[in-house]
Every structure is written in C-alpha cells, then in structure tokens.
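Since the structure comes first, as structure tokens, the remarks are kept for the end.
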Amino acid sequence: MPLLQARSLTRHFGGLAAVSAVDLSVEEGEIVGLIGPNGAGKTTCFNLLSGFLRPTGGTIVFGGEDITGFRPHQVAGRGLVRTFQLTTLFQDMTVRENVLLGMHLHSRQGLRRLLFGRQIFPPDEVTGSDEVLEFTGLAPQADQLAKNLPHGHQRILSIAMALAARPRLLLLDEPVTGMNLEESGHVMALVKTIRDRGTTILLVEHNMKAVMGTCERVVVLNFGLKLAEGTPAEVSTSAAVIEAYLGAGLQHA
Amino acid sequence: MPSNARAATVFVAVVALLIALPFVGGDYYIYLFALVFINVILAASLRPSLTCGQLNIGHSAFMCIGAYTSALLAKNLGVPFEVSLLCGALLAAVVGLAIGYPSLRLRGVYFAMVTVAFVEAIRLIASIWVPLTRGNAGLSVPKPSLLGMSLATRTSQYYLALVLMLIVLVILYKLERSRLGLVWKSIGMAENLAQSLGVDIANHKLLAFTLGCFFAGVAGAFYAHFIRFLFPPEFGFLLATNILVYNFVGGRGHFAGPVVGAVFLSLLSEPFRGSPYETIFFSIVMLLTILFLPGGLITLPGKLAGLRRWRPTSGTYAPPASA
Amino acid sequence: MKQSTPFTLVGLLAAVLLGSSPGAEAADVIKFGVSTPLSGPAAPWGIPHKGATELIFDEINSQGGLEVGGKKYKLEVVAYDHKYVIAEGAATVNRLIAKDSVKFISILGGTVVKAVEETVNESRVLNLPLAYADGLVSPRNPYTFHSFPSPPETVTFWNWIKQHHPNIKRVASITPNDDTGWWSLKVETKYVATLGYEVVAREFFERVVTDFNPLLLRVLAQKPDIISVLAAPAGSVGLIIKQARVLGYKGRFIHIGQMDTSVVAGIAGKENVEGTWVHGYVQTPLPEKVKNWQARYTKKHGEWNATSIDFANPAFAFVAAVKKAQSLDPKRIAEALSTVEFENLWGKAHFGGKDYYGIGNQIIYPMPFSEVKDGVAHLVAQLSPPHN
Amino acid sequence: MTAALLVQSAVIGLSIGSIYILMALGLTLMFGMMHIINFAHGAVYMLGAFAIYYVYFQWGAPYFAAFVLAMLLLGAFGYLVERSIYRPIKGGVEPTLVALLALTTLLQAAGYPVFGTLDKHVPPVFSGTRNVLGVMISVERLMIIPIAGALVVGLYLFINKTRMGAAMRAIEQDKEAAALQGVNVNVINGLAFAVGFALAAAAGALMAPIFKLDPMMGEQPLLKAFIIIILGGLGSIPGAILGGLILGLIDSIVATALGAEPAFLLSFVFIILLLLWRPTGLFGHAL
Amino acid sequence: MLEVRDLKVRYGAVEALKGLSFRVSERSIVSLIGANGAGKTTSLRALTGLVQPSGGEVRFENTSLVGLAPHEIVRLGIAHVPEGRRLFPKMTVFENLKMGAYLRTSKAQMASTLAMIYEHFPILEERGRQLAGSLSGGEQQMLAIARALMSRPKLLLLDEPSMGLSPIMTAEIGKIIRQINALDVSIILVEQNAMLALTLARYGYVLQTGALVLQGDAQELLQDDGVKKAYLGL
C-alpha cells in the first residue's frame, strides 16, 4: 500500500476546475516530482494534500488513514509536512528559532518547566535542532535572523524547519526556485540525503534539471489534469509534455 | 550573554528603585506608580494576543469583569482579596474564552470591531444591572486585606501592586521566551507556515487571548480595591484603546514595549497637570511619537545610536537573541 | 545599543521623579486645590468652578492678601483636570494632598467626590465640594462642607408652585442615570408626594444622549402637567424641551440644578422655553451684586458663564471661615465653617441642615428661582430651604 | 406600543438612520480603499457642526451655502490629514490607528478653548410639524431624509459615473493595477479622505440645528457608525446604507419600547451574533 | 527607445535582479524568457515603478524612469499588463477599458481607440456590460491587453500572457501580439512559454536566477539547445 494515495482529487474555484480527478500515489522511500507549466494546478494540489484547501471531490489516504478534510496542523501531526513556494519563513526570528518551531509537534513542555525552567528549551530539543542545522549546513548562521540570510539559505532553512518536524512524507514546493546551478545542485543532493535517511519526498519544481536529476518518478499536470506519469526519461521525451512545457509556439496553431 | 546580564542588571536596578520609592518619593508617587503598575499589567497582558496577530480593542471589558467580580465578592460576601482577585481573574478568563472561541474565525478588523462591540456591551451591562452593580451610581469597594491583614495604607497597597505587576511580568516574560511564546510569535508572523509545522493555531490564539483576559482581570481586581470605586463608563471603549495604544506607542518589537508605553503615557500627563491644555499637550506628544517613531519608543535608543554612529545598519532595532 | 532599551525606562522614571518634584515653597501662600473637569463633557461646570475661585482669590490678593494671625497670605488656586473620570479624580485629589500638600480642596462631581470620600477623610483635608451625592453630607464626613444647594434644599420650590399654580397635578421626572440623578429623583419624588402630587413617570437617561424622542414618547403617554428635569446640564435640558414641544407637549418644565437658560432657549427655541421654572439662574431683575460679578468675571475670563455665580460658594465660604478662624488648621477652619455667616452672591449664607443630614455641613442661603418669560429668566422668588 | 407610536418612532428612526448612513459611508469608503478605520470621524462630525455654527448662525450666511462650505472645508482638512498623517506613515495599520486616535483627542481637547465651554446651538432651519401617516413629525427631522438621500445619490453618482470615482473603485479592487492605468494613488487616497471627511461634516452640519453642539458630540455617532459598517460589511456602500437604516430603527423603536441603554446593548449583541453567523457582515467580502 | 543598464532589485536580503542590461528598439518585440524565479516579472515591475530598483539605470526616450511613480511612467507611454492580468473584477468590461484610458481625457481620442480595440477584440464589445470577473481566462487576458492599449502606449510590457491558457487560446494571443506590434507598438514579452515568445520576438534574453545567461536573435535562440537546457534540464 502506498504511503500517500489521492484518488480523483478535485478542486473547483467558482466554476473553474483547478484540479480535476487527479490520481496520485507516492510509495514509501520514493522521490516523486510533480511538474507542469504555470497554472497547471500543482500548488493547488499541494494545498489539498496538506489540508490548506478542502477538496471538492476525491479522497486522500496517508499511511492507511483517510485524512480528507483534515486541518493543516492535523495533517502535519500525521507526518505529512510541507514547505511553501514563496520563501515563507519566520523572518524576524533567528535561524535556530525557526528550526525549533519546526520541532513543535514533538515538543513536550509542561507548565512547570515553562514557568520555572532555567532553560528556554529542553536539552533534547536543542540538540535536535543542532543536528538539523548541522545536517543542512546552517549551523554557522544559527543565531542570525532569518531575514538576513541569502536567498538560497532561506530556502534551505524552510526545508530544515520541515525536517525538524520529522515528517514521513515531505512536500517540497519549488525548493530550488531562484537558485543558481551550484546552489540547486547542493539542495537536490540534500533532498536525496533526506530520502536516504528515510523520508519520502514529493516535490514541485520548475527547474527541470533538478527534477530530472533527482526524481525517480515524475507526474505531469496540465490544466488541472494528469497529463503523464513515468520516469524522468520517459516524461522528458514525451511530445505532449514538451509541448505543454515549452509551449506550442505559433506554427502549431 | 553579556547583553542579558546587562538587561538583568537594569531590571534589578529598576526594581530596587521601585522598592525604594516609598522611602524617597512622596505619597503622591506611591499612588501614581500603583496606577502605572495597573496600566503596565493591562498593556503587557494584551501583548500575547497582539503577538498572535489579533487586534484586540476590548481589553478593558475583562478588566471590568475582574474589577466587579472581586469587588462584589469582597463587599457582599467578605471574601478576602487574594481569593476575590483569583475569582475575578478566572471569571474574566472564562468570559474571554466564551467570547474568544467563536470570534477566532473573524479576521483582522472584523475581530477588532467585535471586541469594540463587546467592550461596550460589558460596560452597558455593568451600567444596566443596577441591583448587582449599582449601575452608574458607582460601587464603593472595601480596602484590600491580604492573608488576613488589612492593607490600609497606600504604601502597603503600593507594594501589593508592585508585587502583582512583577509576578505578572515575570510570568508573561517567561511565556514569551518559552516555546509557547515562540509559537505565538510564529502565528503572528506567518500563520500558514505555523500550521504546516503542526501548530494548532486556533487553540494557541485562544490561549493567548484567554491568558490576556485573566491578567486583565487581575489588574481589574487590584484597581477595584485600590481606587475603591467602580463606575461603568470608565471601562468603555476609551480605556480599551488606551491599552492598545500603550502597546503601539511603546513598540511591538520587544517585551519591554508595552511596559515602556504604559509608563510613558501614564506619566505623560503629569508635567502638564494643572494646565488647561493638558489633554492637548498629551495628544500632540502622542501624535509626534507615532509619526517619528512608528516602531514605538523602544526603537528610540536604536535611532539615537544610529544617528550618533552614523552607521545606517545600526539603525534597525533587533531584539536580543533568545538562546 | 539594543541593551539600552531598559535604560530608557530608568531614565524616564528618574526624569519624572526629579523633573516634577515639588520646588521650594513660599511660606506665605495658602494653596486651595480644585479638582474639576476642565475638559470633556462636564467642562462647562468645571471651568467656571475654577474661574470663580480664581477671581475671588485674585481680588483678595490684589488687596494684599488674606490676613491670618496678623500675617498676610496670598491665596493660590491649584487646579487639576479630572475629566469626570474616577481614576483621574482620585489621581488629582491625591496629587493635591500628597504632592502639593494642599489642605483645602473643592471637588466637583458626585461620582468623583464619592470615590475619594475616604481619602479626603483620612488625610483630614477640608473639602468644599460641588456635587449632588447621596450621603455626602453626613456625620461620617466631618470635614466636607457641601457648598451648593442639593435636592433636599431646592425642593422647597414645590411649595411655591403648589401655592401659586394649584392646577398642576401630574408630575413627570427625567434625570441622568447616575447617583446624582437617582438621589435627586428620590428626594423630589418623596417631597412632592407629601405635597399631594402624583408622580406619573420617572425616566433616566445617559448623559451622552441627544435624541430624547424615545424617552419622551413614553413620558408624554402619561399626560403630565409638568416635567421636572433634575440635575441635567443645560444642553440636555434644551434638547428635552425642544423635542417634547415637537411631540406636542404643552405643559411646563421645571429644572433643578444649575443651568444657563440662554443656552436652553438657544437650543430649544425661545417660545418653547416660555414659562419654564429654574433654580439658580436669574437674568432680570439682576441684583446689583450679581451684575457686578458678571462684569468682573467677564473682564477676567472673557467668556461669561452664569454657573460661576453659585460655583463661587466654596471660595466665599473658605475665605470667610479662614478670616473667622484666624488659623490655617483645617480643623479650626472646619469649626469656623459650622458657625460662620457669610455673604455669597445671593445674600447671607451659612452651613446648616443638621436636622435633615445629621450634621450641619450643607450650605444654606436664599436660593433664587426664576421663570423664563420671553426667553429671559425673571426672578420670581428667593426661597430658603425647608430646613435650616 | 401603539401603532401611532410605532410609526412615529419609525420615521424618527429613518431620519436618525440617514445621519448614521452619512457617517458610515465615509468610514466604509476609506476602509475599502486603504484598510484603515478612521477613528477621527467623530471629531470631523463635530467640526462640521461647528462650521455651521459659525458660518450660518454667527456670520449669517445662508444655511445651504454654509452647509456646502462646511463640506468643502472639512474635505480639504481630510486631504491634509492624508498628506500629513496617513501618507508619511505609509499605510502602517497600527501607527495610523494611533495617529488618528491622537488626532481625535487633540481636536476634542482643543475644542473647549476654541469653541468655548458652554453647549452651543444653531437655530432651526426648518420649522413646524407635518402629519405623516397620521402622526406628527417635525419638519426638521423629516428634511434630513431627503438631504441625506441626495448626498447618498450624489456619492453614488460620483463613484460610479466620474473618472475619479472610477479611480477610487479601481484602487479598492487592485491598488497596483490602478497605478498601472495611470492613477495617482496618493492623490486618490487623499480624495477618499476628503470625501469621507466631507460626508461626516455633512452629517454634523445636518444635526447642528437639531441637537446641541459640544466638542465631544462626535463620540456617539462614531460608535454607531462602527456598528453600521460592521453590520453592512466593511467596504460595502450598500451595506452601510442598509446597516444605517437597521440601526436607526433599532435605536428609535427599541429605545421607545425599552429605553436607550437596552437598545444600545441590543445593537452590540446583534452585531456580535451577526458576525458569528456571517464573519464579514451582510455585504462584506473576505479580506 | 528603452535602455536598461545594470538594473538591480533587492527584496530585503535577497537580490532578485543582479544587474540586468537590455535594450528595446522602436517597433520591435523583445522577449525575456526563463524559468520561474528567474527575475522576469521583477524586471518589468522595476521598469514601471512598482518596485524601486536598488541600482542601475532605465532610460525611456532619454527620460530616466528611476524614481518615477507608476502613474508618471504610464504618462510617458509605457503600459504594463501585469502577471495574472489584474483586472478590476467588480467593474464591467467597458469600465475596465475606460480605466485603461484614465490619462486620456479627450473623448474623441478615446472613442477612436475604443473602435480600434473593438476591431481587434470583437468579443469585448459583445461582453461590454459583463463584469470582468465573470470572463473566461482567455477573454480576461484579451481584456487585460486591450485595457493597456487604451492608453495608446508606445511600449507595451506583457507579463506571461499565455499563463493558464489552452494552446488554441495561446495561439490567439500570439496573433494579437503581432497585430499590436504592427500598430507600431514596441513590446517586451515576458514568457515562460519560450516557443511562443521566441516565435514572436525579434530578439530574446534568457534569464536565470536574476541574471542574463543568454541573448541573441530569436530565431537563433529557438534553435539553441541552451534554451531547452535551461528549461528542461536536458
């Protein structure tokens, strides 16, 4: 049984179908890419899976549990954690605080500790955050404010926060947007390592090089419909995909 | 660490000064500062819900509930101050919970306006429910007695206020610096992101709101036993906006903001007292403060330092790192 | 830099403590505290309260001051604005007593006076308030000398009405919804009932209300012969009269309290105010003394305010008592106040009312009552209270 | 409550409601465009009334000339407030709120030394009573309804039929897109301040001859206007009109039956319940 | 007619544009292409004053645009169709068009422009009284372009006109862009649809992470593998 299985996922906005009858499944331990041109419905899909939008139709089963209609924090509580497309961070907090917030789900802090504890965070959380920071290479900037990080590091931080929540499935929304070759290579390597450490990954990305080099399976959306699915090699040679992606130009019309 | 040590030194110095005040200052300052302490509690207790991004213009309603509850318990049933204070604060919290829960789904200004409606509704109830509250005739309240001792003198009441304020500030400070405070801050900054990390924002907002109501109830209970006369019109919209303004004028960027704001605005009238233009001066100073320090008074040292050193980067105020 | 935030707080505290600490005091000054609304809705009362006191003191000072025990003292008014807010009232009274070391004060406003009752008693300062407040004149408050006729005094006018206008039978009362209003209403209702009147309606209103139509519709349904508006400011009375006339009310109005009928006539329209009886305000025939006062007050303050006539009582009483006591001890002055007979703008005044209140601390003087004719308040009677 | 009493209080409610509508329209317009709640609106109402006091009563200008002048003067003041307070703050919601509160306090406090301490009045412009549906209503109360109605229609035409009105609607829907069509957003925001202030001034100017004048007179209408815009939905002009009528009727009919305070309490409870049912008011849309 | 030199834009700590230079000559179509986040939209926003550049120079017909407000830039003859169309959804189609002519106060001129628009977009005349929010995606895009044309611009900036449109609709938009250019309007076309953009344009610039990586004649770029690489990572 797949870790995540969405059946005929549908979402209308007014009369417009942003996502219609999409079937999507992710097996434990996979890296799956969700691609498609702008406006194809990828982000809507993510919002449906993570509980930020309620589907108009269809079901979402995660880890054997039907999570359709769950609220975002409940979805996250089951181990399905997402990042955001735009660089969404707690800008006025330090890098470490951002990561510590990621550990929210696993934090057990009683009132007594809250009021009388000497440390703000229990030692295990501090070491936990240290580990994540170390792993993502953000340790040297731990005490900087998030807003002062360079763009690439901000994107990595958003992954680090999601990681701190110890997800079973990580939804990454455009993790390498706006990065140069070197940076995106670094991030995609990080993504692979995360998978190797046991976290399944579903990612949306425009940078095809990154997608093709990292994902084992790719799902292509266009106009809210599933256009194709297969290995990167299969997908990138599909004429339908190339046309959807690069556009038809005028000669076809 | 040195910055924390320095802040701690300043804190201890301020507390020492306040403890010494009855010995060095006159009776009037004792009285005045006890009132300032009440305002500090009110301002600081609004901060958690503001931090969560809730614009609350109804905080004085909960002060009103705390004040009337503790006053009526003390007056009619002879309940000692420490118990009536707790009951007042608890009732304020319960009402806060009851109004906060359904209001959570209201956004931005709609939430703010419901709190405005609520504060006026509570004021009107206090003024209409004459058999209980004596309405607009005002309710006189006995002196506080603590652990069986009557706190009859202004000095003893001053110390009571000081201790209450310090307890409330320490609790609120601890909370702000805890994971809970961090979560509140995260909700205010990016609600979606917090949710995606598994934060139940509804519960956390409600907790922040209710907690604020509780401490507003504490302030109200002390106010009742200090001023010893309750008059419904005083707990209206105007007081609620004042509490909000303490936070904005002091500054939202730091825990000390509402404290500085409450102290500054509560004392601002003093130099002008006796002038027929007192309120005019007061409002001009307030207007200028907000026009030139939109980040609040706590950004003033940063701005001054920035001017002095002429280094543009030092002009932005940054709250101290927590770890 | 960022650590200096708390220093701001310390600096602020220190600045306030040092900046406004009391300076060196001149020994030959008598300070008289006034805690009164100088801004906000009640300012029309507070400003003449302060103004009248200042005028009387200035005139004494210009003649060299007040002689006490062979030494000349200058009189000084220390006035603070309490905005009709309890917390501010308490703050200003505390400031007067604790910071300015004032021994003699005059507070305006029923709720404020009630709120600081105990502070005043405990600090043993002399208070000459202007306020309607139930229980204020009481043996519990020996140092409080109420300096304005309260409802128990002014009800005496109903005797005059009964005598001169026997056809009036049904009385409706309208009053602000607070202690002042409640007490006024209680006292009046009781008194007119003993005179055989029927009280057909009793209504309370918020001081901020301007649209009295809903209230008046209820009152007029009871067909009163006279509407008694108690303890309300001139503006509210004007609106009540105007709106009642529009709704078809033809009967009379009586107002007990303190108000300028020209303001009422302005708001309500001259013809609508015709025949209204008022206490404490006269335009003609104006006694020489009051005419003179008006000239002096207008000269000093610019704007004439008739409320200053009766609100000058605290200052008159205080000066007379100090003169008599030849002491600056509040206790001695209080003793003098209980016995001194002095002149206010309406004639001879003294503190009495022991039979009614249990203590003789209520000002008693021949109170003026007028009837508005052609927009002008004509004096119809000067009456003494039912008790002495 | 008899039928006559009901009709009488309903007509009075309509007339009061008309004033509330004028207050609420400016508030809702300014909120729609700039997302600010103008706390100074009550003070502007007060200034509008005092403008009538001086221009019409003291200096003897014709009432309607004074009325127009009051609107123009306070409109100009509104533009000035946008320039000197709103614009420098650059749209910061919280500092704007504090600044407008401070401005309100300043205008009220300055009112006493400037206008004097005694309640002022303006002589009635219309006199007499009319028989309406069998009950007597004063003409001055009745006249409010057509004058306020004309202003509402005028505002409707201005917003829907003029170039500047179109610019206002454009800013309300998409500020950036409006700028890209060549709309000077600052100037149009200033215009919205001017229109909002002018309408509040008109409300004050209409009420001046009916009620009394004092520097605090704007507080109650401001609270009423708050209730109305929440009731109708922030930013919605039809909502403000409907909300004003509802509140006017509650204020008059319920107050006649039960008293002013219960009516006021009822209106607050009413909007709390309404918002819990419909979180954006009757006509509001999500923010 | 437009010359951009070393244009830089920062959002907080993030440098979104790292020194972009390009030029547009009279009556030409120039396209900026690149993947999401490459800085295409930001460059257009910087041109029309919606964001303030942190460095560099923009000259339009010898006037510097840096520091001017959007409405002043529109007045100079530049119209911008923003990403996502940004119509006024609660206004009718006709009112949206009128907003486009906000700075053109001459009635006669507006009538003639409107006639020209209706000639090119007959559907808009048909739907004149309909609310803009109720149009289909393609119609909305047409309206957005038509609204921009109402100001009679010399230079038109188009941000992702094909986004979310079907291939047929995209082809239709492409045709319209050519027609507009034929009316002597220069065009800067920002597109993710590289094929469309390079078919229409005379000259193309390829952006990646806020910097220029490739430029050249459109036809040559169309054949260039570098472009495909930038997109598909092949």
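The values are calculated or read from the model by the stated rules, or taken from the named source; none is laboratory data. Everything numeric here is computed off the predicted structure, so don't read it as measured data. Positions of Cβ are generated from backbone atoms using ideal geometry, with glycine treated the same way; all protein chains shown enter the neighbour counts. Heavy atoms of the whole protein, side chains included, go into the accessibility calculation; ligands, DNA and RNA do not. Shrake-Rupley method; radii C 1.70, N 1.55, O 1.52, S 1.80 Å.
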task: Kindly provide the helix-only [θ] at 222 nm of chain D, computed as the sum of -39,500 (n - 2.57) over DSSP H runs of four or more divided by all residues, to the nearest 500 deg cm²/dmol?
output: -23000 deg cm²/dmol
Charge dipole of the protein assembly as shown about the Cα centre (unit charges at C-beta), most positive-ward option of C:G69, E:M150, D:Y54: C:G69
- prompt: Can you list the trypsin sites (Lys or Arg not before Pro) in region C:164-207 that are in a DSSP coil and have 15 or fewer other beta carbons within 10 angstrom?
  reply: C:K169
- request: Sticking with the crude label model, points 7 Å out along Cα→Cβ, report the distance from A:A239 to A:D23 in nm, one decimal please.
  value: 2.6 nm
field: Selected from D:L151, D:L69, D:L222 as most flexible by GNM, with chain D as the system and alpha-carbon contacts under 10 Å
entry: D:L151
- prompt: Share of chain D's accessible area from carbon and sulfur, percent, 1.4 Å?
  reply: 71 percent
- line: In deg cm²/dmol, rounded to the nearest 500, the helical mean residue ellipticity at 222 nm of chain C, built from -39500 (n - 2.57) for every DSSP H run of length 4 or more, is -12000 deg cm²/dmol
- request: Ignoring ligands, DNA and RNA and using a 1.4 Å probe, state the total buried accessible area between C and D in Å², rounded to the nearest 100.
  value: 2500 Å²
query: How big is the charge dipole of region B:25-236 about its Cα centre, in debye rounded to the nearest 20, if each Lys and Arg gets +1 on its Cβ and each Asp and Glu gets -1 on its Cβ?
result: 80 debye
query: Carbon and sulfur: what percent of chain C's accessible surface (1.4 Å probe)?
result: 53 percent
message: For chain E, what does the helix formula give at 222 nm: sum of -39500 (n - 2.57) over DSSP H segments with n ≥ 4, over the residue count, nearest 500 deg cm²/dmol?
response: -11000 deg cm²/dmol
statement: To the nearest 10 degrees, the tilt of helix A:151-164 (Cα long axis) against the first principal axis of the alpha carbons of chain A is 70 degrees
Nearest 10 degrees, 0 to 90: helix E:137-149 Cα axis against chain E principal axis: 90 degrees
task: State the answer as a single residue: which of B:F264, B:V116, B:L297 lies farthest towards the positive end of the charge dipole of chain B, with beta carbon charges of +1 for Lys and Arg and -1 for Asp and Glu, about the Cα centre.
output: B:L297
- request: Classify chain B as rounded, prolate or oblate from the Cα gyration tensor: take a ≥ b ≥ c as the square roots of its eigenvalues, call it rounded if a/c is under 1.5, otherwise prolate when a/b beats b/c and oblate if not.
  value: oblate
Cα centre as origin, Lys/Arg/Asp/Glu Cβ charges: the protein assembly as shown dipole, Debye: 1080 debye
- request: Show which aspartates and glutamates lie in cross-link reach of C:K114 when reach means a straight Cα distance below 18 angstrom and same-chain residues fewer than eight apart are skipped.
  value: B:E234, C:D81, C:E88, C:E122, C:D134, C:D178, C:D179
task: Please turn the phi angles of region D:31-44 into ³J(HN,Hα) values with the Karplus equation 6.51 cos²θ - 1.76 cosθ + 1.60 (θ = phi - 60°), one per residue in order, whole Hz, x for glycine and proline.
output: 5, x, 8, 10, 6, 10, 9, 7, 5, 7, 4, x, 5, 5
query: Going by a 1.4 Å probe on protein heavy atoms, which residues of region B:25-56 end up with at least 10 Å² less accessible surface in the whole assembly than in their chain alone?
result: B:D27, B:Y28, B:Y29, B:Y31, B:F33, B:L35, B:L55
- prompt: Just how many pairs of Lys in chain B have C-alpha atoms closer than 28 Å, counting pairs that are eight or more places apart or on different chains?
  reply: 6
- prompt: Can you work out the FRET efficiency for the pair C:E122 and E:R5, with r the C-beta to C-beta distance and R0 = 51 Å, to the nearest 0.05?
  reply: 0.05
query: What does the average come to when, for each residue of peptide A:233-239, you count the partner chain Cβ atoms lying within 10 Å of its Cβ?
result: 1
field: Per residue accessible area of region E:86-145, 1.4 Å probe, in Å²
entry: 47 Å²
- prompt: Of C:K74/C:K103; C:K74/C:K324; A:K192/A:K226; C:K74/C:K300; A:K42/A:K147, which pairs sit farther than 21 Å apart, going by alpha carbon to alpha carbon?
  reply: A:K192/A:K226; A:K42/A:K147
field: Shape metrics for chain D, restricted to C-alpha atoms - Rg then Dmax, Å
entry: 18.7, 59
- prompt: Peptides B:72-79, D:46-53, B:95-102: what's the order by average Cβ count within 10 Å, highest mean first?
  reply: D:46-53, B:95-102, B:72-79
Relative contact order for chain C, counting Cα pairs under 8 Å that sit 6 or more residues apart, in percent: 16 percent
For chain A: accessible area per residue (Å², 1.4 Å): 39 Å²
query: For region B:91-248, which whole percent of the accessible surface, found with a 1.4 angstrom probe, sits on carbon and sulfur atoms?
result: 70 percent
statement: Restricting to Cα pairs under 8 Å and 6 or more apart, the percent relative contact order of region C:182-313 works out to 19 percent
field: Per residue accessible area in Å² of region B:25-236, where ligands, DNA and RNA are left out and the probe is 1.4 Å
entry: 28 Å²
- prompt: Nearest-5 percent of antiparallel DSSP beta bridges in the protein assembly as shown?
  reply: 50 percent
- line: Highest mean packing first, using Cβ neighbours within 10 angstrom, the peptides C:66-76, D:72-82, A:37-47 sort as A:37-47, D:72-82, C:66-76
query: Restricting attention to region B:126-165, which chymotrypsin sites (Phe, Trp or Tyr not before Pro) occupy a DSSP loop and are surrounded by at most 15 other Cβ atoms within 10 Å?
result: B:W129
- request: For A:N222, enumerate residues with amide H under 5 Å from its amide H, sequence gap 5+ or separate chain, H modeled in the peptide plane.
  value: A:L227
message: Excluding ligands, DNA and RNA, what is the accessible area buried between chains B and A, summed over both sides, using a 1.4 Å probe, to the nearest 100 Å²?
response: 2700 Å²
task: Among D:A203, D:A40, D:A65, determine the one that fluctuates most according to a GNM of chain D built with springs between C-alpha atoms less than 10 Å apart.
output: D:A65
message: What lysines does C:K299 reach when the alpha-carbon gap must be under 16 Å and sequence neighbours fewer than 8 apart in one chain are set aside?
response: C:K50, C:K289, C:K291
field: Candidates C:P151, C:P166, C:P287, ranked by Gaussian network fluctuation over chain C, Cα under 10 Å, top entry
entry: C:P166
- prompt: Picking from C:I333, C:Q362, C:P285, whose Cα lies most toward the positive end of the charge dipole for region C:243-388 (charges on Cβ: Lys, Arg +1; Asp, Glu -1)?
  reply: C:I333
Derived scalar couplings ³J(HN,Hα) [region B:9-18; Karplus, 6.51 cos²θ - 1.76 cosθ + 1.60; whole Hz; x for Gly, Pro]: 4, 4, 4, 4, 4, 5, 4, 4, 4, 5
- request: Within region E:187-219, find all residues whose amide N lies under 19 Å from a label point positioned 7 Å from the Cα of E:S25 along Cα-to-beta-carbon.
  value: E:187-189, E:198-206, E:215-219
message: What distance in nm lies between label points placed 7 Å from Cα along the C-beta direction at C:Q163 and C:E67?
response: 4.3 nm
task: Hey, can you grab everything whose amide H is under 5 Å from the amide H of E:V81? Only 5+ residues off in sequence or another chain; H modelled, so Pro and N-termini drop out.
output: E:L157, E:L158, E:D159
field: R0 of 22 Å, Cβ-Cβ distance C:A295-C:V376: FRET efficiency to nearest 0.05
entry: 0.75
query: Got a sec to turn the phi values of region D:256-265 into Karplus ³J(HN,Hα) couplings, 6.51 cos²θ - 1.76 cosθ + 1.60 with θ = phi - 60°, whole Hz, x for Gly and Pro?
result: 5, 6, 10, x, 5, 5, x, 5, 5, 4
R0 of 51 Å, Cβ-Cβ distance A:N148-C:L286: FRET efficiency to nearest 0.05: 0.05
- prompt: Hey, what angle do you get for helix E:107-120 against the long axis of chain E, alpha-carbon based, 0 to 90 degrees rounded to 10?
  reply: 70 degrees
query: Which net charge results when you count Lys and Arg as +1 and Asp and Glu as -1 among the other residues whose beta-carbon is under 11 Å from that of B:F111?
result: +3
field: Area buried, chain E against chain D - accessible surface, total, 1.4 angstrom probe, square angstrom
entry: 2000 Å²
